[in-house]
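Student: I am attaching a structure below and will ask some questions about it afterwards.
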Amino acid sequence: MSTTKRRSGASNIPARSTPRSQGSKAWCRHGGPDLAAKLESAGTVLITGARRGLGRELVRQYAAADWRVIACGRAFPTVGFEENVQFQPLDVTDPVSIHALAGRLVGRSIDVLVNNAAVRSPAPGLEALEAATFLDVISANTLAPILMTKALLPNLRLAARAIVANISSRAGSMTEGLLDDEDDDYAYRCSKAALNMATVQLARDLKAERIAVLALHPGWVRTDMGGPEAVLPAARSARGLCGIIDRASIKDSGSFLTFDGKPVGW
């Protein structure tokens with residue numbers, strides 16, 4: 001095992017006839033195969049943690065595929081999004097902010113909810129563990145996806161095929177999380193393990209409404225959170241995640257999958 005601490009994080013479908021912006025086309029060329037040729041049908045996707053990293057990449061790829069994207073974050077991005085992206089202010093750790101977002105979206109169908117926003121401890125390890133920091137991480141990584149799903153249930157119910165994608169991590173796997181991962185962030189690991197349980201519970205509760213709920217491991221992604229030693233470009237991870245979400249059906253609800261479609265042990 002390497003002595004370097006590893007961190008675990010994030011179908012061939014025609015696009016709509018509406019032409020994309022030149023910026024979106026340029027992004028497709030930069031990010032790899034044109035996702036617009038792969039996503040089955042353009043709908044509406046809401047993505048949290050959308051200002052940077054994997055969330056930003058998911059926004060760009062969905063926008064390039066002509067989806068209507070609701071990008072959520074604490075502050076407006078410094079660089080403009082594509083023309084079919086609407087930015088909504090959101091602090092996922094604040095129930096009032098979540099409620100306000102739901103109020104602004106009343107009556108709008110949401111086909112895909114991507115609970116991507118997440119944080120890590122500033123100083124991992126047992127000696128550095130602080131109760132307040134631990135609870136902050138749990139609030140953002142575990143409670144927020146549950147509250148987001150609850151708040152946007154009316155919107156998901158309006159969709160013909162609704163998917164909730166919780167961006168989890170193999171770091172939270174009881175069976176695989178310690179195999180080749182030396183991450184010692186107690187709060188992050190515990191928050192993702194709890195999110196996996198929440199995913200299974202949500203999948204059971206929403207099965208009758210045919211709303212599929214997935215836990216997805218994005219890989220060790222080269223972002224601010226993943227760090228410079230991460231091996232996976234955000235573009236590749238996002239393409240894989242989009243493909244899994246696109247192919248998902250109610251039969252897949254409650255699954256824990258990697259960005260390339262492999263099952264992860266709980």
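Student: I'd like to check something: does segment 122-142 contain any residue that is at positive phi and surrounded by fewer than 20 Cβ atoms within 10 Å (Cβ to Cβ)?
Tutor: yes
Student: If you scan segment 85-112, which residues turn out to be out of contact with any Leu (no Cβ under 6 Å at 6 or more places or on another chain) and buried (at least 20 other Cβ atoms within 10 Å of the Cβ)?
Tutor: Correct list: Val85, Val92, Asp111, Val112.
Student: How about segment 163-191: which of its residues are aliphatic (A, V, I, L, M), assigned to a helix (DSSP H, G or I) and under 19 Å from Thr258 (Cα atoms)?
Tutor: If the condition is that a residue be aliphatic (A, V, I, L, M), assigned to a helix (DSSP H, G or I) and under 19 Å from Thr258 (Cα atoms), then Ala171 is the only one that fits.
Student: Checking the structure you have, find out if any residue of segment 94-111 is part of a strand (DSSP E or B), among the β-branched types (Val, Ile, Thr) and either more than 19 Å from Ala160 (Cβ to Cβ) or at pLDDT below 95 (or both).
Tutor: no
Student: Could you check Arg239 against (1) more than 22 Å from Asp111 (Cα to Cα); (2) at pLDDT 90 or above and say which number it fails?
Tutor: (1)
Student: Within the group Ala160, Ala132, Ala118, which residue is at pLDDT 95 or above and either in contact with a Phe, Trp or Tyr (Cβ under 7 Å, 6 or more places away or on another chain) or assigned to a helix (DSSP H, G or I) (or both)?
Tutor: Ala132
Student: What are the residues in segment 43-57 that are under 18 Å from Arg68 (Cβ atoms), surrounded by fewer than 23 Cβ atoms within 10 Å (Cβ to Cβ) and touching an Asp or Glu at 6+ places or on another chain (Cβ under 9 Å), if any?
Tutor: Once the filter is applied, which keeps residues that are under 18 Å from Arg68 (Cβ atoms), surrounded by fewer than 23 Cβ atoms within 10 Å (Cβ to Cβ) and touching an Asp or Glu at 6+ places or on another chain (Cβ under 9 Å), segment 43-57 yields Gly43, Thr44.
Student: Still on this model: Please work out which one of (1) closer than 30 Å to Cys190 by Cβ; (2) more than 17 Å from the chain's Cα centre (by Cα) is the condition Asn116 fails and give its number.
Tutor: Only one criterion is unmet by Asn116, namely (2).
Student: Taking the options Ala162, Ala203, name whichever one is in contact with a helix residue (DSSP H, G or I) (Cβ under 8 Å, 6 or more places away or on another chain) and under 30 Å from Ala42 (Cβ atoms).
Tutor: Ala162
Student: Mind telling me which of the residues Leu143, Leu195 ends up being closer than 21 Å to Pro263 by Cα, modelled with pLDDT of 95 or more and either in a loop (DSSP other than H, G, I, E, B) or out of contact with any His (no Cβ under 7 Å at 6 or more places or on another chain) (or both)?
Tutor: Sole residue among the options that is closer than 21 Å to Pro263 by Cα, modelled with pLDDT of 95 or more and either in a loop (DSSP other than H, G, I, E, B) or out of contact with any His (no Cβ under 7 Å at 6 or more places or on another chain) (or both): Leu195.
Student: Do the conditions hold for Thr199, that is, is it out of contact with any Leu (no Cβ under 6 Å at 6 or more places or on another chain), closer than 19 Å to Val92 by Cβ and among the hydroxyl-bearing types (Ser, Thr, Tyr)?
Tutor: So Thr199 passes the test.
Student: Which ones in segment 83-93 are more than 27 Å from Val137 (Cβ to Cβ) and either of a type in the set (Ser, Thr, Tyr) or in a loop (DSSP other than H, G, I, E, B) (or both)?
Tutor: Hits for segment 83-93 are Glu83, Asn84.
The values are calculated or read from the model by the stated rules, or taken from the named source; none is laboratory data. This one's a predicted model, so the numbers in the text were calculated from it and none came from an experiment. Don't worry about glycine lacking a Cβ; one is built from the backbone with ideal geometry, like all the others, and counts go over all protein chains shown.
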